[in-house]
1. Which value, in debye to the nearest 20, describes the size of the charge dipole of the range 49-156 about its Cα centre when Lys and Arg Cβ atoms bear +1, Asp and Glu Cβ atoms bear -1, and nothing else is charged?
2. How big is the Kirkwood radius of the range 90-165, worked out from every pair of different alpha carbons and given in Å to one decimal?
3. Using just the C-alpha positions of the range 49-143 as equal point scatterers, what log10 of I(q)/I(0) does the Debye formula give at each q in 0.20 1/Å?
4. Per residue of the range 11-28, in order, report the coupling 6.51 cos²θ - 1.76 cosθ + 1.60 (Karplus, θ = phi - 60°) as ³J(HN,Hα) in whole Hz, putting x for Gly and Pro.
5. So with the 1.4 Å probe, I'd like the accessible area per residue for the range 1-160, rounded to whole Å².
6. Probe radius 1.4 Å, ligands and nucleic acids ignored: give me the carbon and sulfur share of the accessible area of the range 50-162 as a rounded percent.
Amino acid sequence: MVSESTQQAIGYPTLFLLVLAGALVPVIPTGALVSSAAVVAMHRTAPFSLAMVFVTASLAAFLGDAALYWLGRRGLKSKNGSRWLEALRSRAPEDRLEQAQEKLAAHGVAVLVLSRLVPAGRIPVMLACLLAQWPMRRFSRGNLPACLAWAVTYQLIGILGGALFAEPWQGVVAAIALTVLISVVPTVVRRMRGSPRS
């Protein structure tokens with residue numbers, strides 16, 4: 001059986017790399033990863049396991065967002081654009097981008113902070129920041145509390161899942177189901193509102 005210290009030595013770097021990759025390539029369900037890691041941390045005897053999950057997840061999210069924003073800024077300055085900027089544009093439908101730009105103009109950094117908590121909200125707001133030509137420093141000042149709030153939120157989902165079940169795997173399944181539900185419901189509601197009535 002693998003010792004708890006070995007699990008931690010493998011687990012935290014893996015969580016860091018996956019969340020970092022998920023920030024750069026937004027197809028990895030990073031929220032579910034953080035919630036699952038929180039469930040596992042709850043069932044560990046090592047002190048500060050939950051704190052380590054929080055620090056690891058928020059730091060990886062912040063660095064990943066900063067790297068993606070930097071790449072997007074380089075793409076805006078380049079004559080030929082960049083594949084990173086095009087990837088951002090392809091993930092931000094025109095109506096969502098316009099909405100993000102309006103809210104960003106009206107509320108500034110607060111919109112950036114909330115964007116990480118809204119399913120599929122991060123990329124349109126990040127793109128709106130790029131198009132508004134926010135400097136890296138301004139983006140980072142808003143993105144830091146956004147990443148901290150995001151890590152706390154998904155960690156609480158994991159703690160809730162872990163508290164409901166005695167076995168860690170049951171809590172992980174519950175946490176993943178809850179994060180998927182949170183991300184899917186707003187999309188379904190938007191589509192239902194947008195569909196024409198017969």
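The values are calculated or read from the model by the stated rules, or taken from the named source; none is laboratory data. Predicted, not measured: the structure shown is a model, and the values here were computed from it. Here Cβ is always computed from backbone atoms with ideal geometry, including for glycine, and neighbour counts include all displayed protein chains. Just so you know, the surface numbers come from the protein's heavy atoms only, side chains and all, with ligands and any DNA or RNA stripped out. Shrake-Rupley method; radii C 1.70, N 1.55, O 1.52, S 1.80 Å.
1. Details: 14 positive and 6 negative charges, 84 e Å.
With only Lys, Arg, Asp and Glu charged at Cβ, the dipole is about 400 debye.
2. Numbers: mean 1/r = 0.0765 Å⁻¹.
Taking every pair of different Cα atoms in the range 90-165, averaging 1/r and inverting gives 13.1 Å.
3. Cα-only, vacuum Debye calculation for the range 49-143: -0.96.
4. Karplus-based 3J(HN,Hα) across the range 11-28 equals x, 5, x, 5, 4, 4, 5, 5, 5, 4, 5, x, 6, 7, 10, x, 10, 7 Hz.
5. On the way: 8260 Å² over 160 residues.
For the range 1-160, the solvent-accessible area averages 52 Å² per residue.
6. Values: 3420 of 5690 Å².
The value for the range 50-162 is 60 percent carbon and sulfur by accessible area.
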